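The next block holds one structure in the form of C-alpha cells; read it before the comments.
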C-alpha cells in the first residue's frame, strides 16, 4: 500500500505539497487549541509550543506556495520539505526528552503521534523525490 502511495505521488508530485500543507494546517490548528485551552492537560512548555506554531505556519506557507506556483523541478523542493520535516521530528523528540518529567501522558502521547506522522510523511517525501529526481531518469 505504501508503494502505491509513492507511485501515485511520483506521478503527481504537486499533490505531496498539498498533503504537506494540509497536515501543517491541521497541526497548526491543533497546536492553537493546546496553547489556548488545553495545555494544562498536555503541559508542553509555552516556548516549545510557540516554536511549533511558528514552524507549522512556515511549513504550511512553503508547501502551499510550492503547490500553487511550482510547475517543474519538484524533486529539489520536495527534498527540502522532507529535510525540514525531518528536522522538525528531531526537534519534537528533543523537546519530549528534555521536558519529559514535566509533560503529562497526553503531552507525551501527542508528541509521539506528531513524530510518527511527520516521519511517515518525510519517508514518502524522500521516496518520491528520489523517484522523480532528474538523476534517476538518466
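Throughout, read-outs are computed from the coordinates displayed, never taken from laboratory work. All values reported here derive from a predicted model rather than from experimental measurement. Cβ atoms come from the backbone with ideal geometry, glycine included; neighbour counts cover every protein chain shown.
Quick one: order 110, 123, 8 by neighbouring beta-carbon count within 10 Å, fewest to most.
8, 123, 110
Pick out which of 13, 45, 101 has the largest mean-square fluctuation in a Gaussian network model of the chain, springs linking Cα atoms closer than 10 Å.
Largest GNM mean-square fluctuation: 101.
With labels modelled as points extended 7 Å from the Cα through the Cβ direction, what inter-label distance (nm, one decimal) is found for residue 65 paired with residue 108?
Rounded to a tenth, the inter-label distance reads 3.8 nm.
Restricting to Cα pairs below 8 Å that are 6+ residues apart, what does the relative contact order work out to for segment 31-126? Please round to a whole percent.
40
Taking 0.36 nm per residue of separation and subtracting the Cα-Cα distance, what length does fully extending residue 50 through residue 35 add?
Difference between extended and current length: 4.6 nm.
Using Cβ counts within 10 Å as a stand-in for footprinting exposure, how do 81, 1 rank, fewest first?
Least to most surrounded, the residues fall as 1, 81.
Taking the Kirkwood radius as the inverse of the mean 1/r across Cα pairs, report the Rg/Rh of segment 23-138.
Radius of gyration over Kirkwood radius for segment 23-138 works out to 1.05.
Treat the count of other C-beta atoms within 10 Å as a stand-in for reagent exposure and order 34, 78 from fewest to most.
34, 78
Name the residue, out of 23, 82, 120, whose mean-square fluctuation peaks in a Gaussian network model built on the chain with Cα pairs under 10 Å.
120
With r as the distance between the Cβ atoms of residue 58 and residue 99 and R0 = 22 Å, compute the FRET efficiency 1/(1 + (r/R0)^6) and round to 0.05.
In this case the efficiency is close to 0.50.
Identify which of 66, 127, 87 has the largest mean-square fluctuation in a Gaussian network model of the chain, with springs joining Cα atoms closer than 10 Å.
87
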